[in-house]
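First up is the structure itself, then whatever we jot down about it.
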Amino acid sequence: MEYKISSKDDKIREIVMFEECGRPDVIGSNTVIGAHSGSANYAYFNDIHLLDITDQIEITYNEEKYIYEVSEVIEVDDNKVDILENTGNSILTLLTCKIGDNTKRIVVISNLIS
């Protein structure tokens, strides 16, 4: 599956790169990308809970490719915001609502490997 996010707009078809968080080209930042899950046509992150540890995620940003390796797939309460913070490591955080429970979020955390 492939999703495209434009670094010129950062918001394409209901996939959002959070403005207040990092970017792939900023060393030590947390790039956070969110999208919907559920039954709508734009529910692009329905299957992120199927990612496994060591799966790779490739994104292109400002015409550069970044490859991340999944380190965690977790479920958190919707008010858990510390997952959005920069930790000093170059990471990618994907998040979406848990299908059937809007009080929970599915979060995938990945480390930059190249």
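The values are calculated or read from the model by the stated rules, or taken from the named source; none is laboratory data. As the structure is a computational prediction, the values presented were derived from the model and not from experiment. Cβ sites come from the backbone with ideal geometry, for glycine too, and all protein chains shown count toward neighbours.
Brief remarks on what is shown
- Identity of the residue in the range 46-58, modelled with pLDDT of 90 or more and not acidic (Asp, Glu), that ends up farthest from THR96 (Cα to Cα): THR54
- Identity of the residue in the range 90-114, at pLDDT below 95 and assigned to a loop (DSSP other than H, G, I, E, B), that ends up farthest from ILE33 (Cα to Cα): GLY100
- Close pairs (6 angstrom Cβ cut-off, 6 or more residues apart or separate chains): hydrophobic (A, V, I, L, M, F, W, C) in the range 23-36, not in a loop (DSSP other than H, G, I, E, B) anywhere: VAL32/LEU84; VAL32/THR93; ILE33/MET17; ILE33/LEU94; ALA35/ILE15; ALA35/THR96
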